[in-house]
Amino acid sequence: MKTIIENVSRRRFLVGAGGFVVAAQLLPAKAFAEMHADYQTGAAAMPHGVVTDPHVFVAIAPDGLVTIIAARAEMGTGAARTTLPMIVADELDADWSRVRIEQSPGNEEKYGNQDTDGSRSVRHFIQPMRHIGASVRRMLEIAAARHWGVDDGDVEAADHEIVNRKTGEKLGYGDVAAEAMALPAPAADQVRLKTPEQFRYIGKGTIKPVDQMDIITGKAVYGIDARLPDMKFAVIARPPVFGGKMASYDAADAMKVPGVEKIVVIEGTPAPAKFQPLGGVAVIASNTWAAMNGRDALKITWDDGPHAGYDSAAFRAEMEETARKPGVVLRDDGDAEKALASAAKVVTGEYYLPHVAHAAMEPVTATASFADGKLAVWAPVQSPGGTRDELAKRLALKPEDVTVHTTLLGGGFGRKSKCDYAIEAALLSREMGAPVKVIWSREDDIQHDYFHTVSVERIDAGLDQSGKVVAWRHRSVAPTILSIFAPDPKHEAPFEQGMGLVDNPFDIANLRCENGAAEAHTRIGWFRSVSNIPHAFAVQTMADEIAAAAGRDPKDMLLELIGPSRIVDPRKSVKNFWNYGDPVEVYPIDTARLRGVVELVAAKSDWGKGLPPRHGLGIAVHRSFLTYVATVVEAAVDEQGKLAVPRVWTAVDAGFVANPERIHSQMEGAAVMGYALARYGEITFKNGRAEQGNFDSYKVTRIDESPAETQVFIVEHGIDVPSSGIGEPGIPPFAPALCNAIFAATGKRIRHLPIGDQLST
């Protein structure tokens, strides 16, 4: 597998020479300097919670060892513990072999935003981290100049040394570290950022993931690895139905299990419960096996509550009926209803995507120690600072009395942004007066997840006599994530609508987007790529359906739908348009870049080439988290309906690329995960209960069925094009590209996921 960097088109955004990008909002140097003064005095809040004080993130020992703080969680992407520190080290001009990474505790007052999701780590922190590294380099130069008694313009820090240009003398970073780090942070206009030609690590892809060797050799510390003296182990019987509660229980047999020490009832929180525990009955023991056996011996009567009758098959039918009727209008360009009525041909597609579980390889877990009014927690959490705040609230503690130690995450995908499991451990430790580790089994993890929403998407496309699309009506029906934060609003929130629905970039004069009501019957949470998954599946499958109906090549039809190079601004017709939390002026919807990745991936996959019988190519493209990704999948389906994916090609335009090696890895992983979601991913409910519980019934991609070859092509941009998200954008185009390829290979159209056994029937 390989990564290829392509120098395609570049788009230049307004930025002053030497300017500092604050949380991806490009500002001239003078403007930033004025703002920076406010931040230093606390007169303004840094956008997105960015902290730029170099003293917070960098320490240099007398021997020259540089310690860089990783303030965000590391879940395998490499962004938190490799890419961001690498950026600091490059601007510091440090020797990477003399750099070590230290994980920060949860503390957003000190470290800034630590919520590691939304594909924001590099996007929002590349420029602040550059500024921090360059600030320390400047501080070292000032300290060395004072040591030599020369003007600080006569010294230069490079490659872990400071050089006196007049005499040729050199000092190591450690020689002046104490003096340098005692200096105040230099003013923004006194900090000299490197030019791209001077980068040692940024953009090179030569730095290996910091934790790679420890992971390979089993030394890496994940949440499950936390150990404390006299630690107890707990498992919890949770209500099997969302919104249910324990009516009564009998713990007599559980207490007879050797090793079981105590039974504790955890009170649940009525919906909307945000990240609070579901409640239930905890069995605390001297070892995990005893705790599990003790839980099995509990006799519990559950009150299943308002969602006792939740049946996902019946709910699907209800959502489909909703999607066939008008909904709340979100975007209305032209007159789609009139254009559909007068169209020469109308193509209709109704698409269903079920609930899916995160199913990270590491089930959630947490270890807590409550003593003397203070709490310490060790856990794989995506939001260390947010976890600290939630723990303080639930246990009525001051935030400064709560310490959250973030371990490596064995996958996260959005599940570990919710800290219910850490709260469980904290409550039980307080009850026991001893450290407690809460263990979630695989079944616990899957059946009590914050599930990705179920969705029905219906699109009606009107074609004129020549086959040109003149009307487009997209109705989306899905329970919303907001249901865990507020009384169920039953409609997708603006941030969900902005993920591939109202931000449709197609060049269609009559375009209408509607949203139907859907009640949440289980916990709904963000999942890798969130609402982009159902919206992109529907839009990109429909594009392929239109091509088939018009007798056109799917790639050519897709480019025609995208239209000419231009900037699309949904704010003209969409109220409260959400652009992933960033300014549209900085991150516009640029169809030149969208077209660019389509054309690039088509060229690299040799689109249109001859293929063996029952092989087909499918193509899809999507903009998510401000990044443009196009994917071509080759599907092979034998006479018995067995599916294989020999090859995948993906083109990525993510603005300036700080670490191409990590982009390659993320796109390759997206192909594996995207295949699993499309092929198998489904959580069904009967009587309010999730019917799947482990990998026998909720399958993931096995190594022998993973895409055999994945090639990644990165569009190259200069530093003037802001970096965008990478962790999530590879997922949305995969499933439609796969299903479009299946259609090309077999003539069978897949509109409902997962694919399951649809190919053998």
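Readers should treat all values here as calculations from the given coordinates under stated rules, not as data from a laboratory. From a predicted model like this one, the values you see are computed outputs, not experimental measurements. Positions of Cβ are generated from backbone atoms using ideal geometry, with glycine treated the same way; all protein chains shown enter the neighbour counts.
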Put +1 on the Cβ of every Lys and Arg and -1 on every Asp and Glu Cβ in the chain; which of T367, A145, W607 then has its Cα farthest towards the positive end of the dipole?
W607
Which is farthest toward the positive dipole end of the chain among Q127, Q692, F527, measuring Cα position about the Cα centre, with Cβ charges +1 (Lys, Arg) and -1 (Asp, Glu)?
Q692
Rg/Rg_globular for region 644-723, with Rg_globular taken as 2.2 N^0.38 Å and Rg from C-alpha atoms:
1.47
Give me the Kirkwood hydrodynamic radius of region 572-683, using the inverse of the mean 1/r over all pairs of distinct Cα atoms, in Å to one decimal.
16.1
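Could you line up T116, T288, T206 from fewest to most neighbouring Cβ atoms inside 10 Å?
In increasing order of surrounding Cβ atoms, one gets T206, T288, T116.
What is the extension gain from M255 to V329, computed as 0.36 nm multiplied by their sequence separation minus the C-alpha to C-alpha distance, in nm to one decimal?
Working: separation 74, 0.36 × 74 = 26.64 nm, distance 5.74 nm.
Length gained between M255 and V329: 20.9 nm.
For Q640 and K468, FRET efficiency with R0 = 45 Å and r from the beta-carbon atoms, rounded to 0.05? Spell out each step's value before the answer.
Values: r = 40 Å, r/R0 = 0.88.
Efficiency, from the Cβ-Cβ distance: 0.70.
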If the viscosity is 0.692 mPa s and the temperature 37 °C, what translational diffusion coefficient in µm²/s does Stokes-Einstein give for the chain when Rh comes from Kirkwood over Cα pairs?
119
Bins of 10 Å, beginning at zero and ending with the bin holding the largest distance: percent of Cα pairs per bin for region 326-474, please.
11, 28, 18, 12, 14, 12, 5, 1
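With the Cα gyration tensor of region 419-494 in hand, give its eigenvalues times 5 under a square root as the equivalent ellipsoid semi-axes, listed largest first in whole angstrom. Provide the component values of the computation, followed by the final result.
Numbers: eigenvalues 447, 39, 12 Å².
Each semi-axis is √(5λ); the values are 47, 14, 8 Å.
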Return a whole-number percent for the relative contact order of the chain, with Cα pairs under 8 Å and 6 or more residues apart as the contact set.
16
Roughly speaking, what is the centre-to-centre gap between region 231-252 and region 590-633 when only Cα atoms are used, to the nearest Å?
49
Is there a quick way to get the dipole size of region 499-624? I mean about its Cα centre, with the Cβ of Lys and Arg at +1 and of Asp and Glu at -1; what is the value in debye to the nearest 20?
200
Amide H of Q711 versus every other amide H placed in the peptide plane: which residues, excluding those fewer than 5 positions away on the same chain, fall under 5 Å?
V648, W649, T650
Cα-only radius of gyration and Dmax that characterise region 686-761, units Å
17.7, 55
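Suppose R0 equals 25 Å. What FRET efficiency, 1/(1 + (r/R0)^6) with r the Cβ-Cβ distance, do K686 and T269 give to the nearest 0.05?
Given R0 = 25 Å and the Cβ-Cβ separation, E is 0.50.
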Centroid-to-centroid separation of region 314-343 and region 664-714 [C-alpha atoms, Å]:
31
So for the chain, taking the charge dipole from beta-carbon charges (+1 Lys/Arg, -1 Asp/Glu), which of V586, L677, L84 sits furthest toward the positive end?
L677
